[in-house]
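Colleague: One structure, as structure tokens, below. Some questions next.
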Amino acid sequence: MLPGLILDPELEAKISELAAMTRRRLLIPRNGRPEDIAGLAAFFASDDSAFVTGQAVSCDSGLLSHQPFFAEEMERA
């Protein structure tokens, strides 16, 4: 499993600027929540995934698929 930025309310309050910057660049415009990871883990633990083997599944709202995010940040550096 390849999780993206996963926030609970306490962590989001501490890194609100980073969370907002990341959220603007996501294909699904919200940061991850613990239950997003729990749902994927539950799927892999269930019989529904009995035929799935050796997969790396991104659970990151498209963060790594959206390369302009990285290009924009590199220009600022």
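Colleague: Charges on Cβ only, +1 for Lys and Arg, -1 for Asp and Glu, centred on the Cα centroid of segment 2-76; of LEU2, ALA50, ASN31, which one is farthest towards the dipole's positive end?
Modeller: Value: ASN31.
Colleague: In what order do ARG23, ARG30 fall by count of nearby beta-carbon atoms within 10 Å, going from fewest to most?
Modeller: ARG30, ARG23
Colleague: About its Cα centre, how strong a charge dipole does segment 2-76 have in debye, to the nearest 20, once Lys and Arg get +1 and Asp and Glu get -1 at the Cβ?
Modeller: Once rounded to the nearest 20, the dipole reads 220 debye.
Read-outs: derived from the displayed coordinates by stated rules, not from any lab. Since we're looking at a predicted model, the values are computed, not measured. Every residue, glycine among them, receives a Cβ derived from its backbone with ideal geometry; neighbour counts consider all protein chains shown.
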